[in-house]
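Shown next, in structure tokens, is the structure this report addresses.
The values are calculated or read from the model by the stated rules, or taken from the named source; none is laboratory data. It should be emphasised that the depicted structure is a prediction, and the values quoted were computed from it without experimental measurement. With ideal geometry, Cβ positions are generated from the backbone for all residues, glycine too; neighbour counts draw on all protein chains shown. These area figures cover heavy atoms from the full protein model, side chains too; ligands, DNA and RNA do not enter into them. Shrake-Rupley method; radii C 1.70, N 1.55, O 1.52, S 1.80 Å.
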Amino acid sequence: MIGRIIGALVGREMDRRDGSGGLKGAAIGALSVGAMRRMGPLGLLLGGGYVAKKAYDRRREAKRGL
């Protein structure tokens, strides 16, 4: 369950980078869930780390803008 949530967040982050939205983010999220499942706990850590880093960067940029 946590892997699917992280996969959805990874897909959303990839889609935000592109800016156009659509199927690309959902496809990347689904592929990342499969990759995380095959890699086991390491994949879960890598996916979660990616999402956390993007959230941290976004928060830091928002604070700098104020």
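Counting only residues at least eight positions apart within a chain, or on another chain, the aspartates and glutamates with an alpha carbon under 17 Å from that of K24 are E13, D15. Each residue, L44 and R16, gets one label point 7 Å from its Cα in the Cβ direction; the gap between the two is 2.3 nm. The modelled label-to-label distance for the pair K53/A26, using points 7 Å beyond Cα in the direction of Cβ, is 2.8 nm.
FRET efficiency for the I2 to R64 pair, using the beta carbon distance and R₀ = 22 Å, is estimated at 0.10.
Only helices enter this figure: runs of n ≥ 4 DSSP H residues, each worth -39500 (n - 2.57), summed and divided by the residues of the chain, yield -30500 deg cm²/dmol at 222 nm to the nearest 500. Across q = 0.12 Å⁻¹, the chain modelled as identical point scatterers on its alpha-carbon atoms has Debye log10 I(q)/I(0) values of -0.32, in the order of the q list. The C-alpha atoms of the chain define a longest principal axis, and helix 23-39 lies at about 50 degrees to it.
Once the Cα atoms of helix 41-65 and of the chain are each reduced to a long axis, what angle between those two axes, in degrees from 0 to 90 to the nearest 10, is obtained? Its long axis makes an angle of about 10 degrees.
Just the number, please: carbon plus sulfur as a percent of the accessible area of the chain, 1.4 Å probe, no ligands or DNA/RNA counted. Summing carbon and sulfur atoms, their accessible area is 65 percent of the total for the chain. Peptides 58-65, 5-12, 33-40, 47-54, ordered by how many other C-beta atoms sit within 10 Å of their residues on average, highest first, read 5-12, 47-54, 33-40, 58-65.
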